[in-house]
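In what follows, a structure is listed as structure tokens, so that the remarks can point back to it.
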Amino acid sequence: MPELVPVRWGRMMVSPSTYYRGAALPMASDLATTPVSGLAQACGDAHLSNFGIFGSAERLLVFDVNDFDETTPGPWEWDVKRLAASMEVAARGNGLPGKDRRRIVAATVARYRQAMRDFAVMTNLAVWYAHADMDQLAAQFQPQLKARQRKAVAKEARTSDSMQEVGKLTHLVDGRPRIISDPLLIVPIDELLSRQTDRKAFGGQLADLLARYPADAGNRPLDSARPVRGC
């Protein structure tokens, strides 16, 4: 959508980190020329900012990758390289010296390697339920955090859930939650299609698309994987 391109550029121009977040497609183009050891179901945009705290189905607070809108069958190395590069970019942005940046990136990749070794000897069910528990992480890292950082982590753990996002994106109209209009980024269908018949027809098309999506996704061959695209 051409009208949204300036919005994207404006967001990317804020800092090197924001540029990196929006440049998944150029990075995928660069990585496409590098060796590939095999395919996996890649996150597709595994940079640092796409990891966070959220509630699991078991009502536990966990830390994990939280953005899968770019997931695709693809080289697993791309996820690791994108994550490692995001650590370097973020460390530069925070003014850390080269020695510390190398240590951070090496520790990130080493932890990924160790996790894969641990998962390799586990059953599929055990891997499915594996998670990083926030209580354990807090106990492990709290001594290294300043008071302000500990307070921020505690606040995030208390408030990070789906209802918080509902509160940000919707308001009540005649007792029903409705999406908040924020052109150009968010435009309710009532503002796009003024006639009731058009809205009804469009709603039917969306319902049909959602109904077909699981079957289409499950039948997609691995060789149809495309380069990841930025969020």
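The values are calculated or read from the model by the stated rules, or taken from the named source; none is laboratory data. Bear in mind that the values here come from a model prediction, so they are computed numbers and not experimental data. Virtual Cβ from ideal backbone geometry, glycine too; neighbours counted across all protein chains shown.
Screening T108 with (1) touching a Leu at 6+ places or on another chain (Cβ under 9 Å); (2) without any contact (Cβ under 8 Å) to a residue 12 or more places away in the chain gives one miss only, at (2). Residues of the stretch 58-92 that are at pLDDT below 95 and either of a type in the set (S, T, N, Q) or in contact with a Pro (Cβ under 6 Å, 6 or more places away or on another chain) (or both): N66, T71, T72.
For the stretch 61-95, the set of residues classified as aromatic (F, W, Y) and free of Cβ contacts under 8 Å to residues at least 60 places away in the same chain consists of F68, W76, listed by residue number.
Of the residues L83, L96, only one is hydrophobic (A, V, I, L, M, F, W, C) and assigned to a helix (DSSP H, G or I); which?
L83 is the lone residue from the list that is hydrophobic (A, V, I, L, M, F, W, C) and assigned to a helix (DSSP H, G or I).
Among residues belonging to the stretch 70-86 that are over 20 Å from A132 (Cα atoms) and among the β-branched types (V, I, T), point out the one that is surrounded by the most Cβ atoms within 10 Å (Cβ to Cβ). Step by step, filter the stretch 70-86, then rank; the result is T72. Residues in the stretch 5-49 that are of a type in the set (S, T, Y) and without any contact (Cβ under 8 Å) to a residue 12 or more places away in the chain: T18, Y19, T33. Among all residue pairs at least 6 apart or on different chains, which show Cβ distances below 8 Å where the first residue, located in the stretch 187-204, is without any contact (Cβ under 8 Å) to a residue 40 or more places away in the chain and the second is hydroxyl-bearing (S, T, Y) and surrounded by 10 or more Cβ atoms within 10 Å (Cβ to Cβ)? From the stretch 187-204, the pairs are V187/S181; P188/S181; E191/S181. Taking the conditions (1) under 24 Å from Y129 (Cβ atoms); (2) free of Cβ contacts under 8 Å to residues at least 12 places away in the same chain; (3) surrounded by 12 or more Cβ atoms within 10 Å (Cβ to Cβ) in turn, G52 satisfies each one other than (2). Of note, R21 does not satisfy the criterion of being buried (at least 17 other Cβ atoms within 10 Å of the Cβ) and either among the polar types (S, T, N, Q) or farther than 30 Å from L184 by Cβ (or both).
Just to be sure, is A57 under 26 Å from P35 (Cβ atoms) and surrounded by fewer than 14 Cβ atoms within 10 Å (Cβ to Cβ)?
no
Here's the yes/no breakdown for (1) in a helix (DSSP H, G or I); (2) surrounded by fewer than 18 Cβ atoms within 10 Å (Cβ to Cβ):
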residue: P35; (1), (2): no, yes
residue: A46; (1), (2): no, no
residue: F68; (1), (2): no, yes
residue: E88; (1), (2): yes, no
residue: R92; (1), (2): yes, yes
residue: I104; (1), (2): yes, yes
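Restricting attention to the stretch 108-146 and to residues that are hydroxyl-bearing (S, T, Y) and assigned to a helix (DSSP H, G or I), the residue that is modelled with the lowest pLDDT turns out to be Y129.
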